[in-house]
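*Asks:* Encoded as structure tokens, here's the structure I'll be asking about.
The values are calculated or read from the model by the stated rules, or taken from the named source; none is laboratory data. In this text the structure is predicted, and so the values were computed from the model without any measurement. No Cβ is skipped: glycine too gets one built from the backbone with ideal geometry, and neighbour counts run over all protein chains shown.
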Amino acid sequence: MTKAEIRQHYLNKRKQITSLEMENKQRGFLKHCALFDLSPFSIVHLFLPIQKQREPNTQPLVEHLFSEGKTVVASRSDFNTKQMTHWAVSPDSLWQTNRYGIPEPTKGTPVPPSAIDLVFVPLLGYDVKGQRVGYGQGFYDRFLSVCAPHTVLVGLSYYPPEPEITDCEPTDIRLHHCIHSEGIVRF
């Protein structure tokens, strides 16, 4: 399938999921998140979900990262420049939802992408090679392209991978792992 087909397929799938199905997928997702070894990582980038897009709820993961003593980093998006800035947050941080429904920290300490050890990446779909499909604006591809070579990239999804995304580009950044409601995929 192409990126556009995968994008449309998973947007529709998310719209059609019942509350009970979503609850079950969230439980499985969090179970597998708990199995992912966080010990090698100190500075972890994470997103909070866009609720209207029915993204996996990462708030319990944020709380777990704080309890493990990790430095948690979140982004603010500039839709004029299509760039993100990254900010260390705390359990007491205030969040504001931007006009696109993305929760963003209102304050924090700036963190350069090169300092981040692990990035949990939002996505709509992905394939067995670790290629991902987002919303199509390229924010994460630009961000991930300036992370350090050692940075580990982990997609977060409710669903297992597709066999192939047929129209990947050289600028697309592959994931190292993806955690979904049925398991953890390593690429």
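*Asks:* Of the residues V111, V89, only one is over 14 Å from the mean Cα position of the chain (by Cα), closer than 26 Å to H32 by Cβ and at pLDDT 95 or above; which?
*Replies:* Just one listed residue meets the conditions, V89.
*Asks:* Hey, among K25, K15, which residue is basic (K, R), loosely packed, with under 15 Cβ neighbours inside 10 Å and either at pLDDT below 95 or assigned to a helix (DSSP H, G or I) (or both)?
*Replies:* K15
*Asks:* V72 - would you say it is of a type in the set (V, I, T), surrounded by 21 or more Cβ atoms within 10 Å (Cβ to Cβ) and touching an Asp or Glu at 6+ places or on another chain (Cβ under 7 Å)?
*Replies:* When the stated conditions are applied, V72 does not pass them.
*Asks:* If I filter segment 52-69 for residues that are within 17 Å of the chain's Cα centre (by Cα) and part of a strand (DSSP E or B), do I get at least one hit?
*Replies:* no
*Asks:* Out of all the residues in segment 64-84, which are basic (K, R) and in contact (Cβ under 8 Å) with a residue 60 or more places away in the chain?
*Replies:* K82
For every residue, the table says whether it meets (1) modelled with pLDDT of 95 or more; (2) surrounded by fewer than 18 Cβ atoms within 10 Å (Cβ to Cβ); (3) acidic (D, E).
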site	(1), (2), (3)
K31	yes, yes, no
F36	yes, yes, no
S39	yes, yes, no
S42	yes, yes, no
L46	yes, no, no
I50	no, yes, no
H64	yes, yes, no
S67	yes, yes, no
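*Asks:* Can you find a residue in segment 119-142 that is buried (at least 22 other Cβ atoms within 10 Å of the Cβ), touching a residue at least 12 places away in the same chain (Cβ under 8 Å) and of a type in the set (K, R)?
*Replies:* Checking segment 119-142: at least one residue is buried (at least 22 other Cβ atoms within 10 Å of the Cβ), touching a residue at least 12 places away in the same chain (Cβ under 8 Å) and of a type in the set (K, R).
*Asks:* Right, something else. Please enumerate the residues belonging to segment 89-118 that are crowded, with 19+ Cβ neighbours inside 10 Å and hydrophobic (A, V, I, L, M, F, W, C).
*Replies:* V89, I102, V111, I116, L118
*Asks:* For segment 155-184, enumerate the residues that are surrounded by fewer than 21 Cβ atoms within 10 Å (Cβ to Cβ) and hydrophobic (A, V, I, L, M, F, W, C).
*Replies:* C168, I173, I184
*Asks:* Another question, if that's okay. Q8 versus (1) without any contact (Cβ under 8 Å) to a residue 12 or more places away in the chain; (2) exposed (fewer than 13 other Cβ atoms within 10 Å of the Cβ): which is the lone unmet condition?
*Replies:* (2)
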